[in-house]
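A.B. asks: Take a look at the following structure, please.
The values are calculated or read from the model by the stated rules, or taken from the named source; none is laboratory data. What you see is a predicted model, and the numbers here were worked out from it, not measured in a lab. For accessibility, only protein heavy atoms count, side chains too; no ligands or nucleic acids. Shrake-Rupley method; radii C 1.70, N 1.55, O 1.52, S 1.80 Å.
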Amino acid sequence: MSRLRLQLDVILPTHNRPRLLSRALDSLLGAEVPAGLRVRVIVVDNNSTEGIRELVRARIADFDGRLTYLFEPRPGKPFALNTGIAATDGDLVGLIDDDEEIDAHWYRTIATAFRDDTLDFIGGPCVPRWGAERPAWVGPRYAAVIGWVDNGLEPRDFGPSFEGILTGGNAVIRRRVLQKVGPYSTALSRTPTRLMGAEDEHMYRQLLAIGARGRYVPDLIIYHYVPPERLTKRYYRRWSFWCGVSRGLIDLEFPAPVPYLGGVPRFLVGKAARDAFHAVRGVITGQAAPDERFAAELNVWDLTGFFYGKHVYSTIVRRRRRGGFAPREVRGSV
């Protein structure tokens, strides 16, 4: 068990959300930093036009030299993450988003967890902070659409049997492990027209592939703002489709150890078929809850996206790049 002093670099990418960023900085400043942990906060401005530079510079004095501003002109969260990671050298890399606030015990939870030298990464719950009334059709099955993470009240090891993934909105990873797997994949970056953004899942798969040891820590809590515009069925459908596209691309590199049907894991096809049946039956009988009916529909969008991503979108990308799609192509030292 290590008692050495650790340096935590919190990477905070942001784009044109000064009000939310200000709240995130307030939470990072207000949380207690325990003995044995040093904290630096690095805000990476991802090509903003709404005064992010001025906001961060105005807050530097509050952080007593522990706040840094970086500018990354290439749009996309993975670019911002990689820029922040490359510009720092702390033992631990913490990852949160600009629409989040950390719990008062976030730093203390990190310091406690990483007393175990064999632990390589941790993640925790993301609790919604609703910007509007939660619709009846919003349930836990597709909680990831709005960054809602809840894997229970007990610590659990990440791995093949874990239901979720390590989400980039609430994660801490040892730098030595990041140096092994390389930077975040920019091939899966979200754009204004594509809600892909599966760089988190790709990183998670890479961590597991090298045997890194991770743990879900229930006390590592962040609070995530959910804006009204994301509480629409149209947004959920788009997100589910492009999430499927992203997972289809990732499957080219990390295929599942299961039977496939038409290039898609057979269990996904079966699940979508069952959900479609239950959705239709629920509409006819009126017995299914609104969130269950809508989740069944979203599963079909997800499957459609997976098929499109693996068989169509990947071909388009290969033709554009003339070298074939591979998320690993962006790897290198950080």
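A.B. asks: For residue 217, enumerate residues with amide H under 5 Å from its amide H, sequence gap 5+ or separate chain, H modeled in the peptide plane.
C.D. replies: 123, 124
A.B. asks: In the chain, what % of DSSP beta bridges are antiparallel (nearest 5)?
C.D. replies: In the chain, DSSP labels about 40 percent of beta bridges as antiparallel.
A.B. asks: Additional query: Tell me, what is the per residue accessible area of the chain in Å², probe radius 1.4 Å?
C.D. replies: I get 46 Å² per residue for this part.
A.B. asks: Oh, and also: Relative contact order (percent) for region 32-85, with alpha-carbon contacts under 8 angstrom and 6 or more residues of separation?
C.D. replies: Contact order relative to length: 43 percent.
A.B. asks: Okay, next question. Hey, if you drop one equal point scatterer on each alpha-carbon of region 147-189 and run the Debye formula without solvent, what base-10 log of I(q)/I(0) do you get at q = 0.17, 0.20, 0.29 Å⁻¹?
C.D. replies: Values returned for q = 0.17, 0.20, 0.29 Å⁻¹ are -0.66, -0.89, -1.22.
A.B. asks: Take the Cα atoms of region 253-314, build their convex hull, and give its volume per residue in Å³.
C.D. replies: Looking at region 253-314, the number lands at 87 Å³ per residue.
A.B. asks: What list of ³J(HN,Hα) couplings, whole Hz, do you get for region 130-144 from phi and the Karplus terms 6.51, -1.76, 1.60, once you set θ to phi - 60° and write x for glycine and proline?
C.D. replies: Once rounded to whole Hz, the list reads 5, x, 7, 4, 6, x, 5, 7, 8, x, x, 5, 10, 5, 4.
A.B. asks: Which aspartates and glutamates have a Cα lying under 12 Å from the Cα of residue 233, excluding residues fewer than 8 positions away in the same chain?
C.D. replies: Leaving aside aspartates and glutamates fewer than 8 places away in the same chain, those within reach of residue 233 are 291, 297.
A.B. asks: Per residue of region 243-252, what does 6.51 cos²θ - 1.76 cosθ + 1.60 with θ = phi - 60° give for ³J(HN,Hα)? Whole Hz please, x for Gly and Pro, Karplus curve as stated.
C.D. replies: Each residue of region 243-252 in turn: 5, x, 4, 4, 5, x, 5, 4, 4, 5 Hz.
A.B. asks: Another one. Convert each backbone phi in region 46-59 into a coupling constant with the Karplus relation 6.51 cos²θ - 1.76 cosθ + 1.60 (shift: θ = phi - 60°), then list the ³J(HN,Hα) values in order as whole Hz, x for Gly and Pro.
C.D. replies: 8, 6, 6, 10, 10, x, 5, 4, 5, 4, 5, 5, 6, 9
A.B. asks: Connecting C-alpha atoms closer than 10 Å in a GNM of the chain, tell me which of 43, 93, 312 has the biggest fluctuation.
C.D. replies: Among 43, 93, 312, the largest GNM mean-square fluctuation belongs to 312.
A.B. asks: So what is log10(I(q)/I(0)) for region 168-302 at q = 0.11, 0.12, 0.15, 0.19 1/Å, when the Debye sum runs over its Cα atoms only?
C.D. replies: Debye intensities relative to I(0), on a log10 scale: -0.55, -0.65, -0.98, -1.29.
A.B. asks: How far is helix 77-86 tilted off the main Cα axis of the chain, in degrees rounded to 10, range 0 to 90?
C.D. replies: Roughly 30 degrees between the two axes.
A.B. asks: Compute the convex hull volume of the Cα atoms of region 1-73, divide it by the residue count, and report the result per residue in Å³ as a whole number.
C.D. replies: Each residue corresponds to 91 Å³ of Cα convex hull volume.
A.B. asks: Could you state the orientation-averaged shadow area of the convex hull built on the Cα atoms of the chain, in nm² to one decimal?
C.D. replies: 17.3 nm²
A.B. asks: Per-residue ellipticity at 222 nm for the chain, helices alone: DSSP H runs ≥ 4 residues times -39500 (n - 2.57), over residue total, nearest 500 deg cm²/dmol?
C.D. replies: Calculated at 222 nm, the ellipticity per residue is -11500 deg cm²/dmol.
A.B. asks: Using a 1.4 angstrom probe on heavy atoms only, work out the carbon and sulfur share of the accessible area of region 49-195 in %.
C.D. replies: 52 percent
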